């Protein structure tokens with residue numbers, strides 16, 4: 001049915017009356033737009049990376065990926081979600097990229113330049129580390145070019161790789177949304193002007209970008225491990241992507257101890273994923289987690305990687321994670337060792353967030369009063385002013401000291417600051433318990 005009136009069939013007399021046009025399309029399949037958003041969130045990095053290989057410009061690639069998203073939002077509610085939605089989005093974005101190339105230059109010459117980028121055949125397995133054929137890895141190294149400031153590199157790659165929104169990146173940086181937006185726009189322009197090649201560099205150039213690449217992978221994992229916003233505490237797809245990339249980097253540069261430190265950290269942290277949420281998706285605090293659900297294979301891989309790690313920041317964080325992993329029960333945790341490791345980490349990379357984590361460990365090793373003194377020294381830190389875990393931790397410590405009214409106020413403030421609905425519900429629940437005159441205190445979710 002096209003929506004136009006049909007002529008009367010031959011041989012029949014009918015009274016002539018206007019025919020109400022039929023709807024141009026069947027009713028929207030329920031949840032189609034939600035599926036579009038969910039699939040794009042998972043696949044956007046691969047789509048942008050594949051399109052960048054064709055057009056050679058990450059800014060244009062992101063625009064073409066967004067065009068594919070808009071096309072899906074228009075098509076899927078009418079025709080239904082395709083059997084392979086990720087492939088649909090990829091094909092749409094790639095086709096638009098090829099059309100753009102054809103319009104811009106002679107197709108034959110451009111085809112010779114991009115070669116098998118336009119070929120749908122999957123790339124062969126790499127024969128050695130330097131032959132790793134991974135567009136997402138190329139995307140990270142491209143976005144981490146020295147032409148960009150460190151802050152711009154990380155902001156751009158979080159946007160392209162993790163699919164994070166500007167507000168989410170601002171929260172990860174503990175800075176304003178306007179600042180992040182400006183960094184991303186300028187970064188795209190700088191890369192386009194510099195004509196940065198889409199490749200994994202070699203030699204000194206690779207070494208110069210490696211620290212930024214590691215930081216990006218780390219931040220992407222963190223966003224997956226504890227989402228800054230939305231209805232889910234955990235976004236497993238981001239964790240899996242970050243872990244896969246960390247393993248690729250370890251194969252690419254096996255002699256870099258800090259790469260193994262990052263792998264160790266992510267492996268051990270990922271081992272707890274199944275235990276961090278309950279059946280309904282609510283957060284489960286570290287003290288309450290069923291440790292039989294921790295993945296022993298990932299813990300073993302993390303400990304093995306830790307043996308090849310050094311003394312850098314990721315290695316120290318991996319050592320902290322290993323302390324938790326070695327404790328059969330929460331009560332067996334070596335908090336004194338964890339506090340000491342955080343002290344070393346704080347000396348290496350001064351940060352108010354690290355200082356806050358150290359205060360939690362000190363409170364467990366030496367008592368809540370000692371921890372509260374350290375937390376109170378951080379309340380005027382500008383970077384923590386909108387950080388919900390500061391009042392959350394302070395509420396924990398106040399509750400352990402029996403100061404329940406103050407604890408309630410801190411948890412309510414933390415709930416107002418977080419943009420993750422699961423965390424907000426947990427914080428409000430704890431505030432309600434404090435209002436009743438008591439609360440079982442515990443460190444923030446881990």
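Where a number appears in this text, it was derived from the coordinates with a stated rule and is not lab data. All values reported here derive from a predicted model rather than from experimental measurement. Cβ: placed from backbone, ideal geometry, glycine included. Neighbour counts: every protein chain shown.
Residue separation of residue 369 and residue 329 scaled by 0.36 nm, minus their Cα-Cα distance, works out to 12.0 nm of gained length. Among 417, 356, 428, the order by Cβ neighbours within 10 angstrom, fewest to most, reads 428, 417, 356.
Taking other C-beta atoms within 10 angstrom as a stand-in for reagent exposure, 364, 73 fall in the order 73, 364, fewest first. Between residue 206 and residue 337, the modelled labels are 3.4 nm apart [label points 7 Å from Cα along Cα→Cβ]. For region 32-116, the relative contact order comes to 36 percent (Cα pairs under 8 Å, sequence separation of at least 6). Residue separation of residue 190 and residue 425 scaled by 0.36 nm, minus their Cα-Cα distance, works out to 80.4 nm of gained length. Quick one: grab the alpha carbon gyration tensor of region 152-259, order the square roots of its eigenvalues as a ≥ b ≥ c, and give me rounded if a/c is under 1.5, else prolate or oblate depending on whether a/b is larger than b/c. Oblate shape, in that a/c is at least 1.5 and b/c is the bigger or equal ratio.
Calculated translational diffusion coefficient of region 32-116 (25 °C, 0.890 mPa s; Stokes-Einstein with Kirkwood radius over alpha-carbon pairs) equals 187 µm²/s. Compared with the alpha-carbon gap, the fully stretched path from residue 86 to residue 349 is longer by 90.7 nm at 0.36 nm per residue.
The residues 223, 267, 412, when put in order of fewest to most other Cβ atoms within 10 Å, stand as 412, 223, 267.
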